[in-house]
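The values are calculated or read from the model by the stated rules, or taken from the named source; none is laboratory data. All figures in this text were calculated on a predicted structure; none of them were measured in a lab. We place every Cβ from the backbone using ideal geometry, glycine too, and count neighbours over all the protein chains shown.
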Amino acid sequence: MLEILSRLLLSVDLFATGIRLGTPLMCAGVGEIASERAGVVNVGLEGMMLCGALGGALGAYATGSPWIGLLSAVAAGLLAAALQAFFSVILAVDQVIVGVGLNVGSLGVTTYAARVVFGMEKPQLAGFAPIQVPGLSDLPIVGGLLAQSAPAYLVYLLVPVATFILLRTRWGLALRAVGEHPEAAASAGISVARTRCLAVLLCGALAGLAGSFFSLVQLNTFVEAMTGGRGFIVLAVVIVGRWSPWRAALAALFFGALDAVALRAQALSVGLPYQLLLALPYLATLVAYGVSGRAGAPAALGQIFIRD
């Protein structure tokens, strides 16, 4: 048993897989932070990620270019986010209800579209291979950890950029003001509706990018409902990260590591039911929701604002 545990936990491949699985959570988490900092709970994140996964697959399938697929994924996420923004911000419908409807609708639309385009076959897509960093790839530990895809490195760059924008720019200040006290922000001349819509659209773009990791990086194909509830894990990532891009990035890597442990434990036959191993990240999500609560959340999170 000790040998199995050592092989399970003390492995470069395990940590590299954890980083790979945590990267899309990190990407969508940064977008969700922007949305929630503006006061909009984007429960429809799962649907946006699923739309991004299909959009990436369709783009890569039609052109043979994974980069075109990446742009298609972002566009699909933006389209789904536009629906969220229109109903929850412009029409002032309850944000959670809109998100649930978006999740259900996205599952149906992506399933139907995939069957129309691909039939019952799973297409083999041109995806992103791990990058071999010159001079570092052959190093014993670092080389294995750095063997990530090109979009992953874009996500790593996204975290400090998002932190700077959120804390050091006028738009970031407006975003936080809208999420904390929309009435005061409106009296200061800030358009609450425009700021919230832009935040939701940004969230959708990053969620679509995150969805493309499933179809263009991890599997190189599209499978129905392939995001598998990861959008709800992202919501936990944001809560555990206390609405900070840096802390959310670390939380995303933690959840990715749990997913990697579950997969590797199945391969090593540790003697536990595989259903329990597959549920490990989701059990951790429930614990995170219960322990973290809403401490540190924006004061106006989830509140509908209608200016008189």
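Look through the stretch 261-299, keep the residues that are under 25 Å from PRO160 (Cα atoms) and of a type in the set (A, V, I, L, M), and return whichever of them is modelled with the highest pLDDT.
The residue in question is ALA299.
Listed here are the residues, each with its yes/no results for (1) under 26 Å from SER244 (Cβ atoms); (2) under 13 Å from the mean Cα position of the chain (by Cα); (3) of a type outside the set (S, T, N, Q).
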residue	(1), (2), (3)
ALA34	yes, yes, yes
CYS51	no, yes, yes
VAL89	yes, no, yes
ILE97	no, no, yes
GLY101	no, no, yes
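Looking at LEU258, is it surrounded by fewer than 24 Cβ atoms within 10 Å (Cβ to Cβ) and farther than 22 Å from ALA57 by Cβ?
Judged against the criteria, LEU258 is a match.
Kindly establish whether LEU258 is within 24 Å of GLY296 (Cβ to Cβ), modelled with pLDDT under 90 and not polar (S, T, N, Q).
yes
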